[in-house]
Structure formats: structure tokens, C-alpha cells
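Read-outs: derived from the displayed coordinates by stated rules, not from any lab. These figures come from a predicted structure and were not determined experimentally. For neighbour counting, all protein chains shown are included, and Cβ atoms are generated from backbone atoms with ideal geometry for every residue, glycine included.
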Amino acid sequence: MWATNWREEAWAGLDRPWDVIVVGGGITGAGILREAARLGLRTLLVEARDWGWGTSSRSSKLVHGGLRYLKEGRVRLTRASVQERERLLEEGPGLIDPMGFLLATYKGDRPGRWTYSAGLSVYDLLALQWTHRHYTARDFQMLAPHISQEGLEGGFCYGDAQTDDARLVLRVIREAVAGGATALNYVTAEKLLRAGARHAAPVVGLRLRDEVSGKHTDVYGRVVINATGAWADRLRAQAGALPRMRPLRGSHLVFPRWRLPVAQAVGFLHPLDRRPVFIFPWEGITLVGTTDVDHEQPLDEEPRISPQEVAYLMAAVESQFPSLGLTLDDVISTFAGIRPVIGSGKEDPSKEGRDHVVWDENGLLTVTGGKLTTFRLIALDALQAVAHRLPELPPLDDQVPVLDPVSLALPAENLLDGAARRRLLGRYGADAPALVAAAGEGELETIAGTQTLWAELRWAARAEGVVHLDDLLLRRVRLGQLLPQGGRAQMPHFRAICQPELGWDDEHWEEAEAAYLALWDSAYSLPAREAIPDWRTMLSEAQAQRVAAQPTRRRKVVKGTAVAGVLAAVAAALGVLFWRWRRA
Ligand SMILES: Cc1cc2nc3c(=O)[nH]c(=O)nc-3n(C[C@H](O)[C@H](O)[C@H](O)COP(=O)(O)OP(=O)(O)OC[C@H]3O[C@@H](n4cnc5c(N)ncnc54)[C@H](O)[C@@H]3O)c2cc1C
């Protein structure tokens, strides 16, 4: 769909009136573009870097309700999220897939078994299902063979889901474009254009800069929506609004599956601060995340993990899987993303709320915060907020699937197993048959150590709007995160497939490769080893402090029991409702 010269052609066609102009090509902007195009609105989206370059390619990739929101009493947010999870699982198999979660309980742990049991009952009932189950210590060890056994009492297994976040963004954008929308990457919205000189005069358009050619142009629309995530304050400042964002960084470590083997996600409370962390399988590797710290680097720079975050995540792995003896040498890569969180001045970043907000400020609509999981609801909220400016807008229907249905036959069916077929249909939607048809000899095989087919690489280079090599290797396919050293060793093979498809000459490829490898070294590898604190010392100090603090824990036990009681009551009420609903 995005073949040679598509950017030039799209740029040349910007000079027409738009109904809606969306700034920001993460999942929030993509969702708005999709829903607006579906409603027949002339819609344009511009993204300053690449699709999903911001936070939406750097998340934990979970499509989930979030047990922690439930613990905070955010029942509505949890319910909306688990219901969205169920819908996405149904609409996008192969892109959004079920994943089991394990929660171990240890002697003296708070919350303990009964609180988890009540919480998981509510969690399941909110999605009108019953997936969770308790296992004894012996059975639990069979589900998570290398897990720490000291004091293990047992644990729970429950169902959630995961995705490939960057591919989710791309699929939503491509389906919007197929439905008539226009989307351009590497185009920055520099300036709000107003109907008059007054600061509060209505916003009527944007001055855009093409980051590839350096050209500028003005575009005009009836509604401008700022979906720039953690960057939202920048355009808001031009609308005279005060800054509200508190960018919080979350980072991950990537391990080879054979060194940190988990068949499903393992969730637990970090021994240093009792924050929930997860270790989970994804795309043939194992991810460990995440952190939650104030992000003090400039927002224009590629975010990177700090030495302290590396130690924090290594401490998590060490505490949960001590027998594996993992070291920094086992880490394949790292990545960091910035949460678009609305600041309320709380000292602990993790205590800040994670809901999305919709602000209409002097004619600029800003939508930020929230989660990947609820992007469809966020998009509908945004369109609802501008409905009064688009009187012809039909009523919003929240029952329409956000992903287009795909039930296509693929060519070369006999060369693809069920998992590969499902993967291609889920990730590439209506493009999957063309991708398979374009595959060269042997390219329907996977790249060793990953679940990515060689054919995906060729297709991305040919038809997915790649401008820089990191677009291709970090977001269209995720090889930069999955392979050691960002795929340095396989680069000649990547080049043989991709250079002709991209239409780059040797000089262009060599420059692009050098830039990609420099980016990988600076933002996707480990920081200098000598700067990383010793996590084993951190763990033993925390253990000593816990022992010293034993008496005060008794009060927390009483509080934990009260939480379990409340959750059990809510679970019982939901159970009755569920039973009545089933009978009806
Ligand atoms: C570590 C981490 C883990 C997470 N895990 C999960 C999870 O497991 N599940 C879940 O549901 N959610 C998760 N989230 C939350 C989720 O990832 C984010 O809420 C979501 O990706 C935000 O999407 P967005 O489109 O609003 O922002 P972004 O994805 O950041 O998109 C905003 C885009 O705007 C662009 N932009 C900025 N300024 C301009 C401009 N002037 N002109 C044009 N473009 C501009 C940026 O380049 C950027 O690409 C996680 C977040 C983090 C940080």
C-alpha cells in the first residue's frame, strides 16, 4: 500500500480541507484516525517520527485489565479494560493472543492467598468469565519450574492477553488508510494556526514540517486533535494551556528464552518496593519489566534504561529465579518508554493515576494518558468531545469492531503452519496474502531465535512506509530487540533482502546501517557495566530491613485482610449478577 513515492504523493495531496487532523501516530492517534475514517470524515494524521515511535512500541505489550487498578479500587477502569481485552482477542487473533499469568504466593506475603483469590474473582467476573485457579506449591513449580521455592505456598494462574504493540498501531493505521484516511510519518506539527490574531481564536490548522525533505506546508481542518502522548504539553502550550504532563519512564530487559524459560507470564511484587513486575514470554524471547521513574532526559532523545533500572530489574529476576544465576551477559537488549501520565504532584510516581484525559482548551482537543488496551474507547471519547463541531457526525457506535475482519486464504498454505498463518493474518490483516506472495525462496521460514519470517522483512521494506533502518528493524519487525547486538551478525542477510526493496544505493544503506547500529548501542543496549549498582547487595539490604520492620507488618496484615474482605464482597455481588445474567 505504501510503495515507492507514497510520501511525496501524500504530501502533495495535503492541500485540501480536512474534517479532522490528528497529531501523533501512536495507538491513540491511530485509533482516532480509524474511527474518524469509519464515520466518513476526511481525516489526516501526522507523526513526527515513525508510527509507534513514541510510547506505543515500547510498552509491556499486555492487553489487560490491570490487577493493580483493581487493587486501587478502580473498578470501572478495570472493567472497561478487561472487556476491551475480550473484544480485541476476538477481533485480532494472531495480533492479540491469550496469555496465562502466574502469581506465586510465599509465606508471610501480603497480599496473601485470600486477597488474590478475591481480587482474581472480581477480575474474572468483570469480563464475565472464570479463568483463575489456585495451585499448590508442588503443582505451581511444574507451571514455573525455576521459580524460587523458598517459602513457596502455591499460586494462581489466570488469563490475560498480549500483543505486538508496534504492529497493532500499524494495522490500525493501515486499515484507516484503506478506509480513506491519509497518514504521514516523519511530519511534525510545528505550529497551531488560528482564525485570528487573538490567543483564544479558534484553531483552524497546523504548520507542518516534512522531516525528510525539510519542506513546510499549512493544512486546515475543522478539528485538530493533539494525540501526542507524553509530548502533549508542547502543542497545549501553543493553546495557552499550562503544563500537566509528568513523563514517567518504564524500562525492560530482554533475555533469551533458553536462559530465562517461562511458558506464561510470571507476576510478583518486587522485593525492593513491592511494585508489581512481570517476567513474560514474547516473540521467542523473555521480557522483564517494568520500572516507573521520573524521566528527566529531553523528550526528543530516544529514551534509554538507566543503570539503576537495570539493577532493579536484575534484582527482580534474581529474587524470583535465583537458581538460574542470570548475569548481565545474558541480557540481549533493553528498551525504555515514556508513560503519558498526568501529574498531580504525588511523591511516588507509581501513585499517579493512569486514566486518559480529554481536554478542550481554546479550540485544541488534547487526548492523552490511558492504556494501549483501551485505545478504541479513548478514540470514541475524543470524537464524542468534538461531535458538537461536526454536526453531521453520525452517532458513535461502540459495538463496531475496531479491527477489520480477516478471513483470507493465504497462498503457499502448505509452506505455513497454523501458528505462522495466524501470525501473518493477525499482524498484517488484509496485506497477508500479498506478503506471502512476495516471499522469495526459503523466506517463509523463521529467522533463527525468533518467530519472525524472512518474508515479513521483505514485505516491510517494500510496502510499509520505512524511512530509516530503525523503522524496519525496531518497529515493523522487532529483530532489533530480539537478536543479540540488534542483529549485527545477520545484517548482510537483511541487506540482501531489504536494500533492493527500499531502493537505496550502497552509500544510503551504509549510512543507514551505521546510524541504526549507533542508535542501538546508545538506547537498546546495557549502560556501562561499572555504573550498574550491585543488585545482590540491594536485595540483601532490603531483606535485612524487612526483618527489622517485622512488628509494623502486623498492622498491614490487618489492612490486607480488610482489602480481601471488601474484594470478596464485591466478588460475591458480581457473582450473583453474573448468575442472573446467565439465567436471563
Ligand atoms: C513501559 C510502559 C509499559 C506499558 N505497558 C502497557 C501495557 O502492557 N498495556 C497497556 O495497555 N498499556 C501499556 N502502557 C501504556 C501505553 O503504552 C501508552 O498509554 C500508549 O502507548 C500511549 O499511546 P499514545 O498514542 O497516546 O502516545 P505515543 O505512543 O507516545 O504517541 C505519541 C506520538 O506523538 C508524536 N508526536 C509528538 N509531538 C508531535 C508533533 N508535534 N507532531 C507530530 N507528531 C508528534 C510522537 O513522536 C509519538 O510517536 C505502557 C507504557 C509504558 C511506558
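Check the range 191-201 and report whether any residue there is within 11 Å of the ligand (Cβ to nearest atom) and under 27 Å from the mean Cα position of the chain (by Cα).
As a first pass, look at the range 191-201 and keep what is within 11 Å of the ligand (Cβ to nearest atom): 191-192.
Then drop every residue that is not under 27 Å from the mean Cα position of the chain (by Cα), which leaves none.
Within the range 191-201, none of the residues are within 11 Å of the ligand (Cβ to nearest atom) and under 27 Å from the mean Cα position of the chain (by Cα).
Report yes if ALA48 is touching a Phe, Trp or Tyr at 6+ places or on another chain (Cβ under 9 Å) and either more than 14 Å from the ligand (Cβ to nearest atom) or part of a helix (DSSP H, G or I) (or both), otherwise no.
no
With respect to LEU45, is the statement that it is touching a residue at least 60 places away in the same chain (Cβ under 8 Å) and surrounded by fewer than 24 Cβ atoms within 10 Å (Cβ to Cβ) true? Steps first, answer last, please.
Values: touching a residue at least 60 places away in the same chain (Cβ under 8 Å): yes; surrounded by fewer than 24 Cβ atoms within 10 Å (Cβ to Cβ): no.
Against the criterion (touching a residue at least 60 places away in the same chain (Cβ under 8 Å) and surrounded by fewer than 24 Cβ atoms within 10 Å (Cβ to Cβ)), LEU45 does not qualify.
Could you tell me whether any residue of the range 393-409 is at negative phi, part of a loop (DSSP other than H, G, I, E, B) and within 16 Å of the ligand (Cβ to nearest atom)? Before you say what the answer is, go through the steps one by one.
Taking the range 393-409 and keeping what is at negative phi, we get 393-409.
Adding the requirement that they be part of a loop (DSSP other than H, G, I, E, B) leaves 393-409.
Of the ones still in play, those that are also within 16 Å of the ligand (Cβ to nearest atom) are 402-403.
Checking the range 393-409: at least one residue is at negative phi, part of a loop (DSSP other than H, G, I, E, B) and within 16 Å of the ligand (Cβ to nearest atom).
Residues in the range 345-365 that are touching a residue at least 60 places away in the same chain (Cβ under 8 Å), in a loop (DSSP other than H, G, I, E, B) and away from the ligand (no atom under 15 Å from the Cβ): how many?
2
Cβ-Cβ under 7 Å, sequence separation 6+ or interchain: first residue in the range 366-386 and under 19 Å from THR163 (Cα atoms), partner outside any helix (DSSP H, G or I) and more than 12 Å from the ligand (Cβ to nearest atom). Which pairs?
Going by the 7 Å Cβ cut-off, the qualifying pairs are ARG376/VAL402.
Can you run down the residue pairs with Cβ atoms below 7 Å, 6 or more apart or on separate chains, where the first is in the range 303-320 and closer than 12 Å to VAL288 by Cβ and the partner is among the aromatic types (Phe, Trp, Tyr)?
MET314/TRP535; ALA315/TRP535; GLU318/TRP535; GLN320/PHE268
I need the full set of residues from the range 205-233 which are without any contact (Cβ under 8 Å) to a residue 24 or more places away in the chain and buried (at least 16 other Cβ atoms within 10 Å of the Cβ), in order please.
Those that are without any contact (Cβ under 8 Å) to a residue 24 or more places away in the chain and buried (at least 16 other Cβ atoms within 10 Å of the Cβ): ARG209, ASP233.
Of all residues being away from the ligand (no atom under 16 Å from the Cβ) and of a type outside the set (S, T, N, Q) in the range 149-173, which is nearest to ASN5 (Cα to Cα)? Just the residue, please.
Residues of the range 149-173 away from the ligand (no atom under 16 Å from the Cβ): 149-157.
So of that shortlist, the ones also of a type outside the set (S, T, N, Q) come out as 150-157.
Values: GLU150: 61, GLY151: 62, LEU152: 59, GLU153: 61, GLY154: 58, GLY155: 55, PHE156: 53, CYS157: 50 Å.
Per the criteria, the residue is CYS157.
If you take just the helices (runs of 4 or more DSSP H) that sit entirely in the range 53-134, which of them hold at least 1 residues that are within 12 Å of the ligand (Cβ to nearest atom)? Break it down into steps so the answer makes sense when it comes.
Numbers: elements: 67-71, 75-91, 113-126.
Fully inside the range 53-134 and qualifying: 67-71, 75-91.
So that you can scan it fast, the table gives a plain yes or no per residue for (1) charged (D, E, K, R); (2) away from the ligand (no atom under 12 Å from the Cβ):
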{"site": "VAL223", "(1), (2)": "no, yes"}
{"site": "ALA232", "(1), (2)": "no, no"}
{"site": "GLN238", "(1), (2)": "no, no"}
{"site": "ALA241", "(1), (2)": "no, yes"}
{"site": "MET245", "(1), (2)": "no, no"}
{"site": "ARG249", "(1), (2)": "yes, no"}
{"site": "HIS252", "(1), (2)": "no, no"}
{"site": "PRO256", "(1), (2)": "no, yes"}
